[in-house]
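Bear in mind these aren't lab numbers, they're just calculated from the coordinates by the rules spelled out. Just so we're clear, the structure is a prediction, and the values are computed from it rather than from any experiment. Backbone-built Cβ (ideal geometry, glycine too); neighbour counts: all protein chains shown.
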Amino acid sequence: MEPRYGKVGVFGMGLLGGSVALGLRERFLAAEVHAFDPDPAALDAAQVLGAADRVHTTVGPWVGALDLGILAAPVRALDRLAADIAPFAAPGSRWLDVGSVKEPVVASLGGRLPGFVGTHPMAGRETPGMQNAYAGLLQNAVWVVTPAADTDAAALAEVTELIAALGAIPLEMPAGVHDRLVARVSHVPYLLAVAMNLLIARDPEHERLLFLAAGGFRDLTRVASGAPEMSRDMVVENRAAVREALADLSALVGAIAADLEDPAALLADAHEAKRTRDALPVVKRTLLPRDFDVVVAIPDRPLELARLTTVLGEHGVNIRDIEVLKIRGAGGEAIRVGVADAEDQERARGALRAAGYRIR
């Protein structure tokens with residue numbers, strides 16, 4: 001099974017960059033993953049978690065050997081990072097970013113990096129950092145692609161296939177449309193979470209309020225636990241769309257406040273809100289346990305899955321679940337095998353390596 005890419009660079013080893021790097025390795029999409037981050041601690045975590053083969057704290061000639069570069073640095077840092085990378089990038093390489101604001105990024109980087117495509121995976125969690133990254137973060141996530149008028153068609157097709165190979169769902173739209181919509185479903189909810197927490201923090205009874213805050217409040221405000229600097233940059237870079245969404249929200253809040261005098265109107269608002277909330281699609285991540293699974297590459301030939309399960313059975317490994325990780329055009333598949341416990345996990349790894357399989 002030949003990897004889709006030879007050398008891939010991931011620039012920025014936080015939660016999202018680390019999860020992409022882990023996905024590339026887990027699904028055998030890259031022969032070698034290079035990680036860049038100015039923070040040595042992030043690179044240490046990347047190596048400990050198996051997200052990178054090589055690490056770098058500075059941009060240099062090594063960039064010229066990359067087939068693909070993925071920019072996962074904070075949005076406000078992308079312009080400077082691209083300027084540092086551009087002199088070294090190979091003419092035939094592909095580049096994409098995963099930032100949450102697209103219009104200014106696509107305008108700036110499109111003419112600077114070869115084969116550049118703007119993208120944004122709609123995936124995340126409230127605990128930031130490489131130490132919280134995992135490949136399953138991308139599983140079934142909508143991954144927006146925002147080509148410009150001059151985006152190379154071959155690069156666009158390649159990036160779209162890569163997104164699908166990582167287990168996500170590519171969705172194409174103009175960069176400006178993306179920024180307007182994301183302001184409403186991501187950026188404003190973050191600011192609301194900040195405001196709701198400040199409502200408690202600045203109240204004279206804030207200590208009692210902390211004890212009264214139950215699960216509903218925690219669910220509504222969990223995104224405020226993310227990295228404050230990165231979240232600030234996210235909303236500031238998209239401030240025009242965020243201001244527009246906040247103005248619309250302010251009008252709605254005013255209307256709801258008026259409806260406190262009209263119970264029937266308030267009930268109608270609540271029913272409409274419930275219908276909208278209940279209609280939200282459920283994103284199903286992998287059902288396999290993160291701690292007790294083994295990912296193995298298998299050749300594309302008959303009876304190979306039967307051989308794999310036979311090897312595990314002969315070594316007394318209890319298989320709890322099996323998932324095929326689809327890899328189009330890679331000459332094989334990756335199989336994720338869920339096992340019962342850490343002992344079975346180690347036994348499975350040893351047995352499969354001894355049988356000639358490549359293991360993650």
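Values computed for the structure shown
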{"read-out": "CD proxy at 222 nm, helix term only [per DSSP H run n ≥ 4: -39500 (n - 2.57); per residue of the chain; nearest 500]", "value": "-13000 deg cm²/dmol"}
{"read-out": "Cα convex hull volume per residue for the chain (Å³)", "value": "170"}
{"read-out": "Along principal axes, Cα extents of the range 14-65, largest first, whole Å", "value": "27, 24, 16"}
{"read-out": "Top positive-direction residue, dipole computed over the chain with Cβ charges, set Ala65, Val235, Pro87", "value": "Ala65"}
{"read-out": "Highest average packing first - 193-205, 266-278, 236-248, Cβ atoms within 10 Å", "value": "236-248, 193-205, 266-278"}
{"read-out": "Estimated inter-spin distance, His271 and Ala340, nm [label 7 Å along Cα→Cβ]", "value": "5.3"}
{"read-out": "Two-site FRET efficiency, Val48 against Asp259, from Cβ-Cβ distance with R₀ of 41 Å, rounded to 0.05", "value": "0.15"}
{"read-out": "Spacing of the two label points (7 Å from each Cα toward its C-beta) at Ala154 and Ala83, in nm", "value": "3.1"}
{"read-out": "Only Lys, Arg (+1) and Asp, Glu (-1) charged, at Cβ; the chain dipole about Cα centre in debye", "value": "600"}
{"read-out": "Along principal axes, Cα extents of the range 178-278, largest first, whole Å", "value": "42, 38, 25"}
